[in-house]
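To start, the structure under review is shown below, and the notes come after it.
The values are calculated or read from the model by the stated rules, or taken from the named source; none is laboratory data. Keep in mind that this is a model prediction, so the values were computed, not measured. When we count neighbours, we look across all protein chains shown, and the Cβ atoms used for this are built from the backbone with ideal geometry, even at glycine.
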Amino acid sequence: MNEGILALVSAYGPLVAMIIAFYFFLYRPQRAEQQRRDDMLATLHKGNKVVTVGGIYGEILDIKNNVIDLKIADKVVVKLTRSAVSRNITQGKSPQMAPEKEYPAEEEKQDE
């Protein structure tokens, strides 16, 4: 009987180990990242500064359902879907807050 169990474990053990590894190394982190993205998209509001999937920076002027009016330049407003937002630059900040401190360019930094 022990030989039968040992043969079964040696035959299916690596497959079970790969499935467990796949779950912990690929599926779980991807699901957590998707949850963070969904939370970020759900918390978008007027005044947020965002970056689109295409790399366009802009400020949200209005959100109606899944359509966002994004101001990308003076007198230039584009409409895009909520899912086209890649990153919320002002996430967690109110629109009235002062802009972040700008850091000097790499060339201007002193060697330490």
- Flag if LEU44 is surrounded by 11 or more Cβ atoms within 10 Å (Cβ to Cβ), in contact (Cβ under 8 Å) with a residue 12 or more places away in the chain and over 20 Å from the mean Cα position of the chain (by Cα): no
Condition set at pLDDT below 85 and of a type in the set (S, T, N, Q), scope region 1-38, selection farthest from ILE89 (Cα to Cα): answer is ASN2
